[in-house]
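Enquirer: Please read through the structure below; I'll follow up with questions.
The values are calculated or read from the model by the stated rules, or taken from the named source; none is laboratory data. Since the model is a prediction, treat every value here as computed from it, not as a measurement. Counting neighbours? That spans all protein chains shown, and the Cβs are built from the backbone with ideal geometry, glycine included. Heavy atoms of the whole protein, side chains included, go into the accessibility calculation; ligands, DNA and RNA do not. Shrake-Rupley method; radii C 1.70, N 1.55, O 1.52, S 1.80 Å.
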Amino acid sequence: MVVRVLLALITYHLSLITSQAQDDPEYRMEIGGGIGVMTYLGDFNGSLLGGMQPTLGAVAKYKLNPRMDWVLNIGYGKLKGKSEDANTWYPDLEESPITFSTSVVDVNVRFEYNFWPFGTGREYLGARPLTPFIAIGAGLVLAKPDTGDQAGGLQLPIGAGVKYKLKDRLNLTAEWMMHFTGTDKLDGVEDPYGIKSTGMFKNTDCFSELRLTLTYDIWARCKTCHNDRD
């Protein structure tokens, strides 16, 4: 008798949770913006924290499900450095050191994977308001250094971060991304030793970015279309 009562209570509470999860909407997208700092990594700087400069950006996320997102990111920032900060000795630059400032436009599309389902727990049963995630993508970078001609190329952003749901439709993301690029001219100068660049990993310039982003959920899924998961 006691077992039957317990099973009945458990079934009742599970039905309440399920109905509550179905009543609260899921949202297909997030839009928002963020601020942070970016750092040049190339011939004249080898430190992840050296010469940090402010950056800002806009994001739009399409939610495949509570664990996966496609993200469009558009960012703008500055990269600064000088040849005196190089980890390698460049004899030709001793008498004529280089100091540069580069404006950077970053456009990329990336895939984010949440380690736990992300949400309030009411719109999707089992979702959590806090989750770490990893991200990888592809895109373009356009640079205008004051020491040389405009440069551009493909980029490969890879990183990780943490998402936190501030309110039902408001999300805060802290992330770190490393942007591997296909150009050696973010600083306006090709390799001082004349070593050719290959792909995105051999003798090319990169930049890292730390950012806080605030986004707002939009485009609610149909509450009654339980099979609609597009």
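Enquirer: Hey, can you find the accessible area per residue of the range 39-80 for me, probe 1.4 Å, expressed in square angstrom?
Expert: On a per-residue basis, the range 39-80 sits at 44 Å².
Enquirer: Say R0 is 35 Å: what FRET efficiency, to the nearest 0.05, do residue 149 and residue 62 get from their beta-carbon distance?
Expert: Rounded to the nearest 0.05, the efficiency is 0.45.
Enquirer: Another question, then. Tell me the accessible surface of residue 68 in square angstrom (1.4 angstrom probe, heavy atoms of protein chains only), to the nearest ten.
Expert: Per-residue accessible area (residue 68): approximately 60 Å².
Enquirer: Want the number for residue 214 to residue 24: 0.36 nm per residue separation, take away the alpha-carbon distance, what's left?
Expert: 66.2 nm
Enquirer: How far apart, in nm, are two points set 7 Å out from the Cα along the Cα-to-Cβ line at residue 122 and at residue 72?
Expert: 3.0 nm
Enquirer: Right, here's the next one. Using θ = phi - 60° and the Karplus curve 6.51 cos²θ - 1.76 cosθ + 1.60, what whole-Hz ³J(HN,Hα) does each residue of the range 24-41 get, with Gly and Pro shown as x?
Expert: Here the 3J(HN,Hα) series is 7, x, 8, 10, 7, 9, 10, 9, x, x, x, 10, x, 9, 10, 10, 6, 10 Hz.
Enquirer: Can you tell me how much longer the chain between residue 166 and residue 221 gets when fully stretched, taken as 0.36 nm per residue apart minus their C-alpha distance, in nm with one decimal?
Expert: 17.8 nm
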